[in-house]
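Every number in this text was worked out from the coordinates using simple rules, so none of it is lab data. It should be emphasised that the depicted structure is a prediction, and the values quoted were computed from it without experimental measurement. Reconstructed Cβ throughout: ideal geometry from the backbone, glycine too, with neighbour counts over all protein chains shown.
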Amino acid sequence: MYNRFLTLRKELYNTEQKTLNYNGCSQQLTLLKKEIEWLKEIDKFALQNSLKNLETAYKNFFSDLKKAKGKKGVGFPRLKKKHGCKQSYKTNLTNGNIQVIQNRLKLPKLGWVKFHKSQDITGKLINVTVTCTSSGKYIASILCETEIEKYPQVTENIGLDLGIKAYLVTSNGEVVDNPKYYRTQKRKLRSCQKKLSRSAKSSSNRVKAKNKLARTYERITNLRDDFLHKLSTRLIKENSIICIEDLRVANMVKNHKLAMSISDASWAKFVVMLEYKALWHDRIVQKIGTFYPSSQTCNHCGFINPLVKDLKLRVLSYLQ
């Protein structure tokens, strides 16, 4: 549906200079169901949500086009491929078509499906997104509307300095080691990639090698996310105000000597976790400007010495 209506919208604009919005696509989808019988076998919300995703892609492109002013931003919507794209669909709750009872999940057109529940599901069900990962696992993300139990209020404030050798250093002197999950699994990744490249195309061994490589990448992602979630939750629980430098990661990864280490650290994801958890629990995450001379500023009186402007960070840290 996404590819069909994207092609239709492009052809309509090129030939008649007309645009087709979501309502027009939805009306044509209703007529299309009468022509193609097997479309009735598919969950109707999955088809409608694909059209909504297409409409969102158009809006993001045109809104970002105005903000970018010649710079590279969100690209024009592209056709979905069978391989290489995220395999998922979303269905909405209506008339009890989605239910959860213990370890069983009811989905439209599929019925009851057994699943492993990662956490208790509380609150009002809104929708479910079913995703097939590259390793062949199916994940159901269940969106619920519920009240969040906020952490008790505290008076502690803290400053964080993100790094590569140590993941972060706090203003209290605590040093959190960098686990470097990608580097520790690099040898195993190389072995899996070799097996994949040496296997014959369209063979069963190639499928096995591909799945093994995907599982290795998935394990690295899960380990990193687990580390970031536990660290961000602890910082939010123990502190009321968290000050952190506003890093420009996109510019930093242009340094090819540090790009892999910076990507492995995943600073941007960590900051996002801090921000939304702070919003949940009435905390404050204050970002410090990139060009603020924090390394040249005395941590006792706040004096900025222009003579130490060109010193290296390791010397500055020793002087402070």
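Among Leu110, Leu32, Thr7, which residue has its Cα furthest toward the positive end of the charge dipole of segment 1-123, with +1 on Lys/Arg Cβ and -1 on Asp/Glu Cβ? Positive-end residue among those listed: Thr7. Only helices enter the 222 nm calculation for the chain: every DSSP H run of n ≥ 4 contributes -39,500 (n - 2.57), and dividing by all residues gives -14000 deg cm²/dmol, rounded to 500.
Charged side chains reduced to their Cβ positions (Lys and Arg at +1, Asp and Glu at -1) give the chain a dipole of some 2160 debye around its Cα centre.
Ordering Leu196, Ile98, Ser232 by Cα displacement along the dipole of the chain toward the positive end leaves Leu196 in first place; charges were set at the Cβ atoms of Lys, Arg (+1) and Asp, Glu (-1). Qualifying GluC sites (Glu not before Pro) in segment 120-192, where qualification requires a DSSP coil assignment and no more than 15 other C-beta atoms within 10 Å, comprise Glu147, Glu149, Glu156, Glu174. Placing +1 on the Cβ of every Lys and Arg and -1 on the Cβ of every Asp and Glu, with no other charges, gives segment 67-144 a dipole of roughly 600 debye about its Cα centre. Ordered by the number of other Cβ atoms lying within 10 Å of each residue's own Cβ, fewest first, Arg224, Arg215, Arg183, Arg190 fall into the sequence Arg190, Arg183, Arg215, Arg224.
When both segment 157-208 and segment 40-62 are represented by their alpha-carbon centers, they are found 35 Å apart. Put in line by how crowded their Cβ is, counting other Cβ atoms within 10 Å and starting with the fewest, Phe76, Phe227, Phe61, Phe270 read Phe76, Phe61, Phe227, Phe270.
Put a plus charge on the Cβ of each Lys and Arg, a minus charge on the Cβ of each Asp and Glu, and nothing anywhere else: the dipole of segment 31-163 about its Cα centre is then about 820 debye. Compared with the dominant Cα axis of the chain, that is its longest principal axis, helix 44-68 is turned about 50°. From the Kirkwood radius over Cα pairs of the chain, Stokes-Einstein at 4 °C and 1.567 mPa s returns a whole-number translational diffusion coefficient of 53 µm²/s. Working note: Karplus 6.51/-1.76/1.60 with θ = phi - 60° gives segment 91-99 the couplings 10, 9, 7, 7, 6, x, 6, 10, 9 Hz, where Gly and Pro are set to x. Between the amide H of Ile288 and those of Ile244, Glu245, Asp246, distances stay under 5 Å, these residues lying 5 or more places away or on another chain, with hydrogens modeled in the peptide plane.
Taking other residues whose beta carbon is less than 11 angstrom from the beta carbon of Lys150, and scoring Lys, Arg as +1 and Asp, Glu as -1, yields 0.
To the nearest ten degrees, helix 2-16 and the longest principal axis of the Cα atoms of the chain are 80 degrees apart. Taking the square roots of five times each eigenvalue of the Cα gyration tensor of segment 236-277, the equivalent ellipsoid has semi-axes of 25, 10, 8 Å, listed largest first. Looking at segment 1-61, the pairs of alpha carbons with a distance over 12 Å make up 68% of the total.
Put in order of Cβ neighbour count within 10 Å, fewest first, the listed residues Cys144, Cys301 become Cys301, Cys144.
Phi angles across segment 195-205 convert, under the Karplus curve 6.51 cos²θ - 1.76 cosθ + 1.60 with θ = phi - 60°, into 3J(HN,Hα) values of 4, 5, 5, 8, 7, 6, 5, 6, 9, 5, 5 Hz, Gly and Pro given as x.
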